[in-house]
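This report refers to the structure that appears directly beneath it.
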Amino acid sequence: MSSSDASYMDRLNPEQREAAAHFEGPLLVLAGAGSGKTRVLTSRVANLVENYGVAPGSILSLTFTNRAAAEMRERIRALLGREPAGMWIGTFHAIGVRMLRRDAPKLGYTPGFLIYDAEDSERLVRRILKDDLNVDPKKWSPKAVKSAISTAKNDLLDSRGYAEQALDPFSRIVAQVYERYQVALRDANAFDFDDLLVQPVKLLREFPGVRKRYRERFHFLLVDEYQDTNRAQYAFLKLLAGRDEAKPGEIGGPGRGGNLFVVGDDDQSIYG
């Protein structure tokens, strides 16, 4: 271990050091608030690069806010003493955008797609309710309808799957809106915020070449605040970290997957 390695590893307590020094294979780190979860993750990245010779470009580090992602990048830069060139650090949604910009044509969109914010999405729902379904938006709140669609998307339930489960009047209205909403988004060459998670999952599931490309690129995946992952984010991680076939006796290596490192506090989970 180099002197630079020792300097930041020595600042960790024994449990933190054990986690940060982990190399290949999956690892779940559970720790409470203020216990240094992000420090462990960033120290692990530095250790992978400095001690194991891992190329920064083969590391993907994910978190939940732009501010946390910027802090993570700055901490890694400080530990390494240089920019981690080629490393992808960002929120799930930001990484999803990067993937979609490259492969949107496979889904029937152009790379110059629009991203609808909450106001855009709610306005579209209101128009569908009023103009397409002749439903008074005062009876069925566009905000509530959009929220139901958002929940369905994050549960990886498309409009057809949602319609099959729609038993009450509100759900049946949502099902009708959901189908038209997706058609309108496609016609506008647009994704909503939830699509930035859902559509990358679709890319990875339905296009083996895309899945293979990202598995071969990202040998190490790291996730901060893992307790906040929803179903779509979990599916995204599972697809990226899944193992391809390895030769007998071979562990890890390019495209082998399985090197998923997550840190979180199970007492703070927003999804229970």
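The values are calculated or read from the model by the stated rules, or taken from the named source; none is laboratory data. Keep in mind the model is a prediction, meaning the values are calculated, not measured. As a convention, Cβ positions derive from the backbone with ideal geometry for all residues, glycine included, and neighbour counts pool all protein chains shown. Areas reflect the complete protein model, heavy atoms only, side chains present, ligands, DNA and RNA absent. Shrake-Rupley method; radii C 1.70, N 1.55, O 1.52, S 1.80 Å.
Okay, here's what the table says:
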quantity: Those residues of region 221-241 which are outside any helix (DSSP H, G or I) and open to solvent by less than 10 Å² (accessible area, probe 1.4 Å), in sequence order; calculated: LEU221, LEU222, VAL223, ASP224
quantity: Residue match in region 128-138 (condition: exposed (fewer than 13 other Cβ atoms within 10 Å of the Cβ) and within 29 Å of LYS37 (Cα to Cα)); calculated: no
quantity: Residue match in region 141-153 (condition: assigned to a loop (DSSP other than H, G, I, E, B) and touching a residue at least 24 places away in the same chain (Cβ under 8 Å)); calculated: no
quantity: Matching residues in region 48-66 - criterion: being closer than 16 Å to ILE95 by Cβ and either in a helix (DSSP H, G or I) or open to solvent by 10 Å² or more (accessible area, probe 1.4 Å) (or both); calculated: PRO56, GLY57, SER58, PHE64, THR65, ASN66
quantity: Every pair of residues 6+ apart whose Cβ atoms lie under 6 Å, when the first sits in region 185-214 and is in contact (Cβ under 8 Å) with a residue 12 or more places away in the chain while the second is basic (Lys, Arg); calculated: ASP194/LYS153; VAL198/LYS153; LEU204/ARG211; PHE207/LYS106
quantity: Condition met for THR38 (out of contact with any Phe, Trp or Tyr (no Cβ under 7 Å at 6 or more places or on another chain), closer than 30 Å to ASP192 by Cα and either among the basic types (Lys, Arg) or in contact (Cβ under 8 Å) with a residue 12 or more places away in the chain (or both)); calculated: yes
quantity: Residue tally, condition assigned to a helix (DSSP H, G or I), open to solvent by 10 Å² or more (accessible area, probe 1.4 Å) and of a type in the set (Gly, Ala, Ser), over region 98-123; calculated: 1
